[in-house]
Amino acid sequence: MRLRIHKKKHRIMFKDFDKMPMLSRVWIYQSNRPLTAKEENIVHYTLKGAIEQWNAHGVPLLGSVQVLQSRFVIVALDENMNQASGCSIDASTHWLKKLGEELSVDFFDRSLIYEKDGLLESAPVFGLKAVVESGAIGPETVVFNSLGIQNISQLQTAWKVQADKFPFLAKFFSKQVA
């Protein structure tokens, strides 16, 4: 994997994910298929190198990356140190586009990911009603809320939710009860 990284002299600004502050801002990139262990390593080490050089208008940013459940790439930024700019956010998006091209993965997948029998399944966003009606997703099915998560604290407490508490699905279950 070869990302073009501009070599500027400044401190390495990468921290292990579990040592990032709870209010660190996060971006969740969701892959359209499970990553292999090798791909997970490529993602982690490629993004680690990019984050070590990440900056906003020449000011270094302190960030991290973590791959979860072989489907989600989480990029975190400690905004207590320095805030992201539009350009720095665009840079991180570019990293994932480039990685996706190299690994033949779409990290911008917007389907709903849910757990079924210990495995992760996908449902098209525009077909959620049909998936609920088919019984594939029930009220207690765990779904991943990749859109409403802003920081690590929310990632830990509100990323995985029951389907009947997920805004895009709750309406389908309330109709079943009524």
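The values are calculated or read from the model by the stated rules, or taken from the named source; none is laboratory data. Everything numeric in this text was worked out from a predicted model, so none of it was measured. Counting neighbours? That spans all protein chains shown, and the Cβs are built from the backbone with ideal geometry, glycine included. Surface accessibility is based on the protein's heavy atoms, side chains included, excluding ligands, DNA and RNA. Shrake-Rupley method; radii C 1.70, N 1.55, O 1.52, S 1.80 Å.
Data for the structure
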read-out: FRET efficiency estimate (nearest 0.05) - Cβ-Cβ, A158 to V59, R0 25 angstrom; value: 0.25
read-out: Net dipole in debye of the chain [+1 Lys, Arg Cβ; -1 Asp, Glu Cβ; about Cα centre; nearest 20]; value: 560 debye
read-out: Added length on full extension, which subtracts the Cα-Cα distance from 0.36 nm per residue, D16 to K171; value: 51.9 nm
read-out: Residues in the range 125-167 reached by a label modelled at L68 [backbone nitrogen below 15 Å; 7 Å Cα→Cβ]; value: 142-162
read-out: Crossing angle, helix 37-52 versus the chain [Cα axis fit, 0-90 degrees, rounded to tens]; value: 50 degrees
read-out: Unit charges at the beta carbon, dipole of the chain: most positive-side option, L96, M13, G127; value: M13
read-out: The chain: relative contact order in percent, alpha carbon pairs under 8 Å with at least 6 residues between; value: 23 percent
read-out: Debye equation applied to the C-alpha atoms of the chain, log10 I(q)/I(0) at 0.16 Å⁻¹; value: -0.96
read-out: Above-threshold pairs, the threshold being 19 Å between Cα atoms, out of K98/K160; K15/K38; K116/K165; K48/K98; K38/K116; K38/K98; value: K98/K160; K15/K38; K38/K116
read-out: Mean ellipticity per residue at 222 nm, deg cm²/dmol - from DSSP H runs of n ≥ 4 across the chain, formula -39500 (n - 2.57); value: -10000 deg cm²/dmol
read-out: Hull volume in cubic angstrom per residue (convex hull over the Cα atoms of the range 58-160); value: 126 Å³
read-out: Label point distance in nm, S122-S85, each placed 7 Å from Cα along Cα→Cβ; value: 3.5 nm
read-out: Å² of accessible area per residue within the chain, as computed with a 1.4 Å probe and no ligands counted; value: 56 Å²
read-out: Charge dipole (the range 1-152, unit charges on Cβ, about Cα centre) - positive-most of N32, N55, M22; value: N55
read-out: R0 of 25 Å, Cβ-Cβ distance R33-A130: FRET efficiency to nearest 0.05; value: 0.70
read-out: Cα-based equivalent ellipsoid of the range 12-102: semi-axis lengths in Å, sorted from largest, via gyration tensor; value: 21, 14, 11
